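Q: Shown below is the structure under consideration.
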Amino acid sequence: PFDVLIVGGGPAGASAAIYSARKGIRTGVVAERFGGQVMDTMTIENFISVKETDGPKLAAALEEHVKSYDVDIMNLQRAAALVPAHDNGGLTEVKLESGAVLKAKSVIIATGARWREINVPGEKEYRGRGVAYCPHCDGPLFKGRSVAVIGGGNSGVEAAIDLAGIVKNVTLIEFNGELRADAVLQKKLFSLPNVTVITGGQTTEINGDGEKVNGITYSNRQTGESHRVELAAVFIQIGLVPNTDWIKDTITLSKFGEIEVDDKGQTSEPGIFAAGDVTTVPFKQIIIAMGEGSKAALGAFEHLIRH
Ligand code: FAD
């Protein structure tokens, strides 16, 4: 069996793997796609100490770093179920979709999350070329330009407030008749001179010139009238979905489906840890996921030496 089995090969999983392997214990990583969300990222400017990089480059560096240690990487393998150890100090099982069963003394879940998409024409075509999901990541790329935010919940309104300080103006489009964000956020939003709020607006297309985004088209859901706004970017903020379907009934999740962890990254099951975007830890960022991954690995190691 593995001493530590990590499920997920994004920044959190890679970091957990390196920290575990450096303890000289038997470490494995199962990943559906090594690199995780980083593979879908164009420009990365907030990975501290690296002024600018791109996703595939960072993902390749992650893999190279992990491979320089004795880690058993099982790429292109999807975990389908988790069976926690029956007794303290026993083995946890991770069942793969292929039918294989892996056993480990401790498990670190780092299966990440995915942004909910709106599924309109232009979204996929211009992803990373004006279609964005993360204001902390991509906001500064559109300094002085016009942008839209889709979604009027807390994350959409926070994004609009954040972006309003950087870009020329922000159009916030909410599908329902009113915003769902907390009152204090709405108050702040409506106090900003360079934000236009549209409620009851259905985005029908993200327009582009073949190269990058140059507009958004939405219809007024009451009148059916169609409008187009010229802009450089659309930030889609309609939810981040944690990849926890496969563990739903085994460990405690928040009402948003995120894994609840303590301050050492341990879940509700002893010996099962979690890190990164899949957990309740706030702010979903590469550098945070890496920090959390190393923390969970140290937590798992501490667990191992006590059992
Ligand atoms: P992920 O990167 O989501 O990795 C999850 C891993 O788990 C993957 O290997 C996946 O294949 C695997 N997995 C999932 N389910 C299973 C399963 N059942 N079985 C086996 N494996 C599974 N952050 C920044 O800091 N700066 C940026 O500029 C930035 N830009 C971004 C741009 C885009 C378009 C996106 C989508 C995100 C961006 N982020 C950025 C956010 C950042 O990518 C995430 O916070 C980070 O990747 C989270 O790392 P993670 O390891 O927790 O999860």
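All of the numbers you see were taken from the coordinates with simple rules; none came from a lab. It should be emphasised that the depicted structure is a prediction, and the values quoted were computed from it without experimental measurement. Don't worry about glycine lacking a Cβ; one is built from the backbone with ideal geometry, like all the others, and counts go over all protein chains shown.
Q: For the chain, find the longest principal axis of its Cα atoms and tell me its angle to the long axis of helix 11-21, 0 to 90°, nearest 10.
A: Between helix and principal axis, roughly 20 degrees.
Q: Next up: Can you tell which of Lys168, Lys188, Lys143 shows the greatest fluctuation in a Gaussian network model of the chain with Cα springs below 10 Å?
A: Of Lys168, Lys188, Lys143, the most mobile in the Gaussian network model is Lys188.
Q: If the cut-off is a Cα-Cα distance under 19 Å, which lysines reach Lys57, setting aside same-chain residues fewer than 8 apart in sequence?
A: Lys67
Q: Continuing with this model, one more query. Give me the lysines in straight-line cross-link reach of Lys95: C-alpha distance below 19 Å, same-chain residues under 8 apart excluded.
A: Qualifying lysines at Cα under 19 Å: Lys103, Lys105, Lys248.
Q: With all distinct Cα pairs included, what does the Kirkwood hydrodynamic radius of the chain come out to in Å, to one decimal, could you say?
A: Here the Kirkwood hydrodynamic radius works out to 20.5 Å.
Q: If you don't mind, there's one more thing I want to ask. Could you check what % of the DSSP bridge pairs in the chain are antiparallel, to the nearest 5?
A: 45 percent
Q: Enter the Cα centre distance for the pair the stretch 23-50 and the stretch 85-135, rounded to the nearest angstrom.
A: So the two Cα centres are separated by 12 Å.
Q: Within the stretch 166-196, what residues put their amide N at less than 11 Å from the label point 7 Å along the Cα-to-Cβ vector of His227?
A: From the stretch 166-196, the list is 171-174, 196.
Q: For Lys57 and Arg129, calculate 0.36 nm times their separation in residues minus their Cα-Cα distance, and state this gained length in nm to one decimal.
A: Taking 0.36 nm per residue and subtracting the Cα distance, the gain is 24.2 nm.
Q: Relative to the present Cα-Cα distance, how much length would full extension add between Arg26 and Lys103 at 0.36 nm per residue of separation?
A: 26.6 nm
Q: Follow-up. Run the numbers on the stretch 127-188 and let me know its relative contact order in percent, using alpha-carbon pairs under 8 Å that are six or more apart.
A: 35 percent
Q: So, one more: Give me the extension gain from Lys143 to Thr280: residue separation times 0.36 nm, minus the current Cα-Cα distance, reported in nm with one decimal.
A: Gain in length upon complete extension: 46.3 nm.
Q: To continue, here is another question. Cut-off 10 angstrom, C-alpha nodes, Gaussian network model of the chain. Which of Pro242, Pro270, Pro193 fluctuates the most?
A: Highest fluctuation among the options: Pro193.
Q: Kindly express, to the nearest 10 degrees and within the range 0 to 90, the angle between helix 55-67's C-alpha long axis and the longest C-alpha principal axis of the chain.
A: Relative to the chain, helix 55-67 is tipped by roughly 10 degrees.
Q: Mind telling me which of Gly13, Gly36, Gly99 comes out most flexible in a GNM of the chain, alpha-carbon contacts under 10 Å?
A: Between Gly13, Gly36, Gly99, it is Gly99 that shows the largest mean-square fluctuation.
Q: Continuing with this model, one more query. What shape does the stretch 117-236 take by its C-alpha gyration tensor, where a ≥ b ≥ c are the square roots of the eigenvalues and a/c under 1.5 counts as rounded, a/b above b/c as prolate, and the rest as oblate?
A: The shape class here is oblate.
Q: Return the lysines within reach of Lys188: Cα separation strictly under 25 angstrom, same-chain partners fewer than 8 residues apart disregarded; answer none if there are no such residues.
A: Leaving aside lysines fewer than 8 places away in the same chain, those within reach of Lys188 are Lys143, Lys168, Lys284.
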